[in-house]
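J.: Before we start, here is the structure in question, set down as structure tokens.
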Amino acid sequence: MKNKAWGWFLLLMILLKGLPGFAQDHLYSQFFNSPIYLNPALTGQFKGDLRMNLIYRNQWTSVPGNFSYVSASIDYNVPRFGGGIGLLFTRSSEGTAYLDKTNISGVYSYSVGSEDFVLSFGLQAGITNRVIDYSKLVFGDQIDPTLGIVSGSSAAGSLPFNNKFYFDSGVGTNLVVGEFNIGVAMQHLNQPNESFTGTPAKLPIRTNAHLSYRLDLNPFENLDDDEKTYVIPSVVFYKQSNAQSYDVGLQYKRRSINVGLWYRGGGGNGPNAVVLSLIFDLFINKDGGEKLRFGVSHDAPVSGLGYGNTSGTQEGSIGYETTLPNHDSSSPRFEGARRCYEFY
């Protein structure tokens with residue numbers, strides 16, 4: 001019982017320590033199943049007319065307190081400018097104080113290119129709401145040396161805000177040339193103030209960089225792309241203020257099955273984990289571009305809190321693509337060029 005109480009105390013100190021510090025965005029292991037969250041330049045970059053994606057992450061499932069994240073998006077492919085328009089919804093809930101953050105953004109992308117390359121540019125703009133429940137926290141003036149935690153009034157009552165709205169923005173670019181796909185995105189360009197106390201606390205810019213290469217294991221066989229087998233190594237790098245992490249790994253993609261093995265490093269004392277992902281594509285109408293995608297992944301920490309203390313992290317995703325009755329069947333723009341969706 002003493003060890004359990006000490007564990008709760010340490011967790012509480014970690015949560016309280018994090019309140020005055022800068023926030024860090026959550027990251028998905030299945031980054032390729034949440035493309036708009038990764039990079040707004042990937043908006044509208046798919047074969048069909050309409051795409052919907054949903055991804056959920058439950059982090060450190062056995063650690064007290066809720067660490068869950070969800071992103072949902074819908075985007076529309078506009079062939080005449082090689083990009084698209086869409087909406088992105090993201091929500092996070094962290095810790096025993098239920099620190100919740102909700103963002104709704106509009107996204108847009110435009111592409112230029114030829115048969116040899118496609119260069120895409122993306123814009124993102126939206127509103128974020130940040131909320132915290134102070135009643136779930138214990139402050140210093142609620143702790144009595146003899147009696148322990150004493151319920152009642154606390155310094156939290158003097159804090160001016162527990163609900164914050166702010167404008168948020170981002171940009172991105174993505175280049176596909178040959179068998180390479182490379183992209184860079186920056187979020188929180190306006191560095192919004194998300195402080196609850198009145199003292200300015202700017203949200204640092206988050207930078208993503210991602211690079212993938214597609215290796216055809218059947219280069220001399222006359223097969224359609226959907227029939228071939230590929231190995232796709234990738235690197236994804238994230239940096240936000242002094243926090244940084246990277247994912248490095250590869251996917252084995254054959255027909256409708258995609259298996260991935262990844263390693264996540266945090267640099268210094270950051271998080272380190274091995275990630276296994278499994279993706280299934282169910283083609284409802286292959287000729288019509290209609291398909292369902294299901295994805296699951298599991299993160300197993302190999303440092304820090306360790307697997308025995310956290311039980312790892314679970315992710316699940318679902319995606320849907322379709323063509324509409326008024327689909328433009330004319331030749332697509334940049335016909336013959338490799339596109340980013342072929343890497344995932």
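The values are calculated or read from the model by the stated rules, or taken from the named source; none is laboratory data. As the structure is a computational prediction, the values presented were derived from the model and not from experiment. Heads up, the Cβs are rebuilt from the backbone with ideal geometry, glycines too, and the neighbour counts pull from every protein chain shown.
J.: Run down 104, 36, 14, 55 and say which single residue is among the β-branched types (Val, Ile, Thr), out of contact with any His (no Cβ under 9 Å at 6 or more places or on another chain), at pLDDT 95 or above and surrounded by fewer than 22 Cβ atoms within 10 Å (Cβ to Cβ).
T.: Selected residue: 104, the only one of 104, 36, 14, 55 that is among the β-branched types (Val, Ile, Thr), out of contact with any His (no Cβ under 9 Å at 6 or more places or on another chain), at pLDDT 95 or above and surrounded by fewer than 22 Cβ atoms within 10 Å (Cβ to Cβ).
J.: Do any strands (runs of 3 or more DSSP E) entirely within segment 217-292 hold 1 or more residues that are on the phi < 0 side of the Ramachandran plot, touching a residue at least 60 places away in the same chain (Cβ under 8 Å) and touching a Gly at 6+ places or on another chain (Cβ under 6 Å), and if so, which? Let's see the steps before the verdict.
T.: Values: elements: 229-240, 243-254, 257-265, 273-285.
Ranges flagged: 243-254, 257-265, 273-285.
J.: If you scan segment 52-76, which residues turn out to be in contact (Cβ under 8 Å) with a residue 60 or more places away in the chain, over 21 Å from residue 125 (Cβ atoms), in contact with a strand residue (DSSP E or B) (Cβ under 6 Å, 6 or more places away or on another chain) and of a type in the set (S, T, N, Q)? Outline the logic, then answer.
T.: The first filter runs over segment 52-76 and keeps only residues in contact (Cβ under 8 Å) with a residue 60 or more places away in the chain, leaving 52-63.
Those still in the list that are over 21 Å from residue 125 (Cβ atoms) too: 54-63.
If we keep only those that are in contact with a strand residue (DSSP E or B) (Cβ under 6 Å, 6 or more places away or on another chain) as well, we get 54-60.
Those that are in contact (Cβ under 8 Å) with a residue 60 or more places away in the chain, over 21 Å from residue 125 (Cβ atoms), in contact with a strand residue (DSSP E or B) (Cβ under 6 Å, 6 or more places away or on another chain) and of a type in the set (S, T, N, Q): 58, 59.
J.: Specify the residue that is farthest from residue 243 (Cα to Cα); the eligible residues are those in segment 204-223 that are aliphatic (A, V, I, L, M) and over 17 Å from the mean Cα position of the chain (by Cα).
T.: Checked segment 204-223; the qualifying residue farthest from residue 243 (Cα to Cα) is 223.
J.: I'd like to check something: does segment 175-196 contain any residue that is hydroxyl-bearing (Ser, Thr, Tyr), at pLDDT below 90 and within 16 Å of residue 101 (Cα to Cα)? Full working, then the answer.
T.: To start, the set of residues in segment 175-196 that are hydroxyl-bearing (Ser, Thr, Tyr) comprises 195.
Filter again for at pLDDT below 90, leaving 195.
Subset that is within 16 Å of residue 101 (Cα to Cα): 195.
Checking segment 175-196: at least one residue is hydroxyl-bearing (Ser, Thr, Tyr), at pLDDT below 90 and within 16 Å of residue 101 (Cα to Cα).
J.: Go through 89, 117, 121 for me and flag whichever is surrounded by fewer than 19 Cβ atoms within 10 Å (Cβ to Cβ), of a type in the set (A, V, I, L, M, F, W, C) and closer than 30 Å to residue 163 by Cα.
T.: Working: 117 fails: closer than 30 Å to residue 163 by Cα; 121 fails: closer than 30 Å to residue 163 by Cα.
Of 89, 117, 121, the one residue that is surrounded by fewer than 19 Cβ atoms within 10 Å (Cβ to Cβ), of a type in the set (A, V, I, L, M, F, W, C) and closer than 30 Å to residue 163 by Cα is 89.
J.: Please go through segment 71-102 and pick out each residue that is within 26 Å of residue 310 (Cβ to Cβ) and not aliphatic (A, V, I, L, M).
T.: 71, 90, 91, 92, 93, 94, 95, 96, 98, 100, 101, 102
J.: Quick check on segment 302-335: of everything there that is among the acidic types (Asp, Glu) and at pLDDT 70 or above, which residue is nearest to residue 60 (Cα to Cα)? Outline the logic, then answer.
T.: Taking segment 302-335 and keeping what is among the acidic types (Asp, Glu), we get 315, 321, 328, 335.
Add one more test, that the residue is at pLDDT 70 or above, and what stays is 315, 321, 335.
Details: 315: 11, 321: 31, 335: 44 Å.
Selected residue: 315.
J.: Related question: What residue, of 126, 95, 84, is surrounded by 17 or more Cβ atoms within 10 Å (Cβ to Cβ), over 30 Å from residue 163 (Cβ atoms) and of a type outside the set (Lys, Arg)?
T.: On the way: 126 fails: over 30 Å from residue 163 (Cβ atoms); 95 fails: over 30 Å from residue 163 (Cβ atoms).
None of the others qualify; the one that does is 84.
J.: Going through 190, 181 one at a time, which residue ends up being of a type in the set (S, T, N, Q) and not in a loop (DSSP other than H, G, I, E, B)?
T.: Working: 190 fails: not in a loop (DSSP other than H, G, I, E, B).
That would be 181, the only listed residue that is of a type in the set (S, T, N, Q) and not in a loop (DSSP other than H, G, I, E, B).
J.: Across segment 213-239, what is the number of residues that are surrounded by 14 or more Cβ atoms within 10 Å (Cβ to Cβ) and over 15 Å from residue 264 (Cβ atoms)? Walk me through it before giving the result.
T.: Step one: filter segment 213-239 for residues surrounded by 14 or more Cβ atoms within 10 Å (Cβ to Cβ), giving 213-214, 216, 228-232, 234-239.
The next check asks that each one be over 15 Å from residue 264 (Cβ atoms); those that pass are 213-214, 216, 228-232.
Residues that pass the stated criteria total 8.
J.: Would you confirm whether or not segment 144-163 contains a residue that is among the polar types (S, T, N, Q), at pLDDT 70 or above and either within 23 Å of residue 76 (Cα to Cα) or not in a strand (DSSP E or B) (or both)? Steps first, please.
T.: Within segment 144-163, the subset among the polar types (S, T, N, Q) is 146, 151, 153-154, 158, 162-163.
Then keep just the ones that are at pLDDT 70 or above; that gives 162-163.
If we keep only those that are either within 23 Å of residue 76 (Cα to Cα) or not in a strand (DSSP E or B) (or both) as well, we get 162.
Scanning segment 144-163, I find at least one residue that is among the polar types (S, T, N, Q), at pLDDT 70 or above and either within 23 Å of residue 76 (Cα to Cα) or not in a strand (DSSP E or B) (or both), so the answer is yes.
J.: For segment 194-212, state whether one or more residues are of a type in the set (Ser, Thr, Tyr), surrounded by 16 or more Cβ atoms within 10 Å (Cβ to Cβ) and closer than 24 Å to residue 108 by Cβ.
T.: The answer is yes; a qualifying residue exists.
J.: Follow-up. Can you tell me how many residues within segment 195-216 are under 22 Å from residue 32 (Cα atoms) and touching a residue at least 60 places away in the same chain (Cβ under 8 Å)?
T.: Here is the first cut: in segment 195-216, the residues under 22 Å from residue 32 (Cα atoms) are 205-216.
Those still in the list that are touching a residue at least 60 places away in the same chain (Cβ under 8 Å) too: 206, 208, 210, 212, 214.
The total comes to 5.
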